[in-house]
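Q: Below you'll find the structure I mean.
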There are 2 protein chains.
Amino acid sequence: MFDVVTMGRIGVDVYPLQIGVSLREVSSFGKYLGGSSTNVAVAAARYGRKVATITRTGRDPFGEFLHDALQGFGVDDRWVTPVDGLPTPVTFCEIFPPDDFPLYFYREPTAPDLRIAADELDYDAIARAKVFWATVTGLSEEPSRSATLAALRAARGITVLDLDYRPMFWDSREEARRWVQEALPYVNVAVGNLDEWETAVGSRDPRIAATTPLDLAVVKQGPKGVLARRGEEWAEVPPVPVEVVNGLGAGDAFGGALCHALLGDWPLERAMRFCNAAGALVASRLACADAMPTEDEVEGMLAHA
Amino acid sequence: MFDVVTMGRIGVDVYPLQIGVSLREVSSFGKYLGGSSTNVAVAAARYGRKVATITRTGRDPFGEFLHDALQGFGVDDRWVTPVDGLPTPVTFCEIFPPDDFPLYFYREPTAPDLRIAADELDYDAIARAKVFWATVTGLSEEPSRSATLAALRAARGITVLDLDYRPMFWDSREEARRWVQEALPYVNVAVGNLDEWETAVGSRDPRIAATTPLDLAVVKQGPKGVLARRGEEWAEVPPVPVEVVNGLGAGDAFGGALCHALLGDWPLERAMRFCNAAGALVASRLACADAMPTEDEVEGMLAHA
């Protein structure tokens, strides 16, 4: 039985080794494990949780690298399978601190992770996972959409939908909303920023978003901090001031910390402070998956904030 | 008026900074101008020729980089235009000397350079180019196929078809042959390796290939050297022994040298020796476009071979 099972995107992040330059000027790149739900798995594993991820790669050397990386981070890769005929996706980024981190996805004609099919899932393992984590990107295309919905319906633990909305993966915001609405009844927890909540429920008002009928709703408001509601309880925590190096991966660090806090049944405000600090720590670092903090590191940041 | 106008593929080569490791293990990458006909243009420009290339990029920072690189190499980029909605292609490679250099193309759903359209060509400039160079890859998809055929028909100088055949760009070898056969009547010169000649004319026999009705036929036989026929004249030159570092780009170096030799109306054997040495020089270097030699460097290699 796994503490956390995540399902969704994976790819190779080919990220510049220079900061503050465009892809026009950058001269060299590093190669990293990437993909939102995969990063969440890595982040949760850093807290000592038993974690697996469900995703698919190309049948190529980049796919093999992703297995190596998952194993290195202690994430079980038994449900990471190859798809013939599609390359493992790559993503380039530009790093313009503090707040501009454009992404350039190479996921055409489609991504292997959108070929996850409902009939290949281990529903028993998904049902027994203490936390099951899926993302809105997984709803963007068949067969992944049906598989994601089937997995959310099967999950019996704490079921989280990461509202992760990337316009380039959708025909329209309305189309995304349609499928988020389809998924939300099967979900206990939803987490997203204001733009993502607008996609999900049609409002950018954080308090309206947070009253969406869920056990726990988490609204990330950037410089205004985090607003969360669990039942009748509300928490609002300010951002942790850091010098941002690379904002990419901060949301996934928040997600991995949220899995950890949910598993520990932490008080709401403590949970949000911890998640916030984990996100801030990763934002202060160049890497994403490779930068996910341990519990001691997050607690250290909270003690000094 | 240009000495050389090439037409075809362009992209960003994201090549490992380590040799002899797969994409599974490589840790960092450099970024380079790439694409066969583009490399030929760069190689010809290194000999002091006035060169332009016809191709298309995405409207993105990688596309801007390609303009910077072309300008840096002295290749006129007036006919390099952006295509909306398609990313600039990237290509990864693995470098396993001496003879294994797998390529991983990210050119889906299609490449901007396959969107070159017949109605955007400057036919007057193509007609007046002393050497016009097109490639078989440009025939793989519309509208580039019609544009390439229209350009070959319009060219009035020395018209070269680079038999550049990449199976991943085609449904079948037969389909490629069909379009090469369509193009050959408009061509004075064709150049390719044994596999490419098989695609073009259905035979791997170098002497049969070389008797294809053309002013000049060049058959690259790898370790057996180069066989060429011009009219009734035959030349066969042995390979230049070098320690191969990266075989990628060697064929394009050969092509750029061929443009230079054709413009100088060199004797056949001297031309083939020069082209061969230019290719060998680039094979002995890690880079491709960045490694294209000057005339002095090639002559130096010939003097010492």
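The values are calculated or read from the model by the stated rules, or taken from the named source; none is laboratory data. Quantities reported herein were computed from a predicted structural model and do not represent experimental measurements. Every residue, glycine among them, receives a Cβ derived from its backbone with ideal geometry; neighbour counts consider all protein chains shown. Each accessible area value is taken on the protein alone, full model and side chains, heavy atoms only, with ligands, DNA and RNA left out. Shrake-Rupley method; radii C 1.70, N 1.55, O 1.52, S 1.80 Å.
Q: Normalise the Cα radius of gyration of region B:4-304 by 2.2 N^0.38 Å (N = residues in it) and let me know the number.
A: Working it through for region B:4-304, the quotient is 0.92.
Q: What is the distance in Å between the Cα centroid of region B:252-291 and that of region A:20-53?
A: Going from one Cα centre to the other spans 43 Å.
Q: Now a separate question. Starting from the Cα gyration tensor of region A:1-87, take the square roots of the eigenvalues, sort them a ≥ b ≥ c, and report rounded, prolate or oblate (rounded when a/c is under 1.5, otherwise prolate if a/b is larger than b/c, else oblate).
A: The shape class here is oblate.
Q: Among A:Leu66, A:Phe92, A:Ala303, whose Cα lies farthest out toward the positive end of the dipole of chain A, if unit charges sit on the beta carbon of Lys, Arg (+1) and Asp, Glu (-1)?
A: Going by the charge dipole, the pick is A:Ala303.
Q: Any idea what the dipole of region A:4-304 comes to, in debye rounded to 20, about its Cα centre with Lys/Arg Cβ at +1 and Asp/Glu Cβ at -1?
A: Result for region A:4-304 is approximately 400 debye, rounded to the nearest 20.
Q: Which whole-Hz ³J(HN,Hα) couplings does region A:74-84 yield from phi under the Karplus relation 6.51 cos²θ - 1.76 cosθ + 1.60, θ = phi - 60°, glycine and proline marked x?
A: Those phi angles translate into x, 9, 5, 10, 4, 9, 9, 10, x, 10, 6 Hz.
Q: If the only charges are +1 at each Lys and Arg Cβ and -1 at each Asp and Glu Cβ, what is the size of the charge dipole of the protein assembly as shown around the Cα centre, to the nearest 20 debye?
A: The calculated dipole for the protein assembly as shown is roughly 240 debye.
Q: I need the calculated FRET efficiency for the pair A:Glu243 and A:Ile208, taking r as the beta carbon distance and R₀ as 22 Å, to the nearest 0.05.
A: E(calc), rounded to 0.05, equals 0.10.
Q: Roll a 1.4 Å probe over the protein heavy atoms and report the accessible area of A:Tyr15 in Å², nearest 10.
A: About 20 Å², rounded to the nearest 10.
Q: For region B:10-73, calculate the relative contact order in percent as a whole number, restricting contacts to Cα pairs under 8 Å that are 6 or more residues apart.
A: The normalised contact order for region B:10-73 reaches 33 percent.
Q: Under the convention of a label 7 Å out along Cα→Cβ, give the distances in nm from B:Glu120 to the same position in every other copy, shortest first.
A: Reported distances to equivalent positions: 3.7 nm.
Q: Counting only residues 5 or more places away or on other chains, whose amide H sits under 5 Å from the amide H of A:Ile54 once H atoms are built in the peptide plane?
A: Hits under the 5 Å cutoff: A:Thr6, A:Met7, A:Gly8.
Q: What FRET efficiency comes out for the pair A:Leu17/A:Lys224, r = Cβ-Cβ distance, R0 = 25 Å, nearest 0.05?
A: 0.15
Q: Given the protein chains as shown and a 1.4 Å probe, how many square angstrom of A:Arg270 are accessible, to the nearest 10?
A: 90
Q: Here's another thing I want to ask about it. Could you work out the helix-only [θ] at 222 nm for the protein assembly as shown, with each DSSP H run of four or more residues adding -39,500 (n - 2.57) and the total divided by the number of residues, to the nearest 500 deg cm²/dmol?
A: -10000 deg cm²/dmol
Q: Taking a point 7 Å out from Cα toward Cβ as the label site, list the nm distances between A:Lys224 and the same residue in every other copy, smallest first.
A: 7.4
Q: State the answer as a single residue: which of A:Leu139, B:Thr294, B:Tyr165 lies farthest towards the positive end of the charge dipole of the protein assembly as shown, with beta carbon charges of +1 for Lys and Arg and -1 for Asp and Glu, about the Cα centre.
A: Ranked along the dipole, the leading option is A:Leu139.
Q: Then there is this: Quick check: the distance between the Cα centres of region B:108-171 and region A:113-150, to the nearest angstrom?
A: Going from one Cα centre to the other spans 44 Å.
Q: Taking the simple approach of a point 7 Å from Cα along Cα-to-Cβ for both B:Asp171 and A:Ser28, what is their distance in nm?
A: Inter-label distance under the simple model: 4.5 nm.
Q: Just the Kirkwood number for the protein assembly as shown, please: inverse of mean 1/r across all distinct Cα pairs, in Å, one decimal.
A: 26.1
Q: With the label 7 angstrom out along Cα to Cβ, how close does B:Glu141 come to the same site in each of the other copies, in nm, nearest first?
A: 1.5
Q: How high is the relative contact order of region B:199-305, in percent, with contacts defined as C-alpha pairs under 8 Å that are six or more residues apart?
A: For region B:199-305, the relative contact order is 22 percent.
Q: A:Asp124 accessible area, nearest 10 Å², 1.4 Å probe?
A: 90
Q: Can I get the semi-axes of region B:172-249's equivalent ellipsoid? Compute them from the C-alpha gyration tensor as square roots of 5 times the eigenvalues, in angstrom, largest first.
A: Each semi-axis is √(5λ); the values are 22, 17, 10 Å.
Q: Compute the signed sum of charges (Lys and Arg +1, Asp and Glu -1) over the other residues within less than 9 Å, Cβ to Cβ, of B:Gly8.
A: Neighbour charge sum, excluding B:Gly8 itself: -2.
Q: Given a cut-off of under 8 Å on Cα pairs at least six residues apart, what relative contact order in percent is computed for chain A?
A: 17
Q: Report, in order of residue number, the helices in chain B meeting two criteria: a C-alpha extent of 27 Å or more along the helix axis, and a mean Kyte-Doolittle hydropathy of at least -0.5; treat each whole DSSP H run as one helix.
A: none
Q: Let me ask something additional. Give the total of Lys-Lys pairs in the protein assembly as shown with Cα-Cα distances below 27 Å; include a pair only if its members are 8 or more places apart or on different chains.
A: Lysine pairs meeting both conditions in the protein assembly as shown amount to 9.
Q: Share of antiparallel DSSP beta bridges in region B:4-304, in percent to the nearest 5?
A: Percentage antiparallel, nearest 5: 40.
Q: Give me the distance in nm between label points sitting 7 Å out from Cα along the Cα-to-Cβ direction at B:Asp296 and B:Asp122, one decimal.
A: The answer from the label model is 3.2 nm.
Q: Taking the Cα centre of region B:170-296 as the origin, how large is its charge dipole in debye, to the nearest 20, when only Lys and Arg (+1) and Asp and Glu (-1) carry charge on their Cβ atoms?
A: Approximately 220 debye in magnitude.
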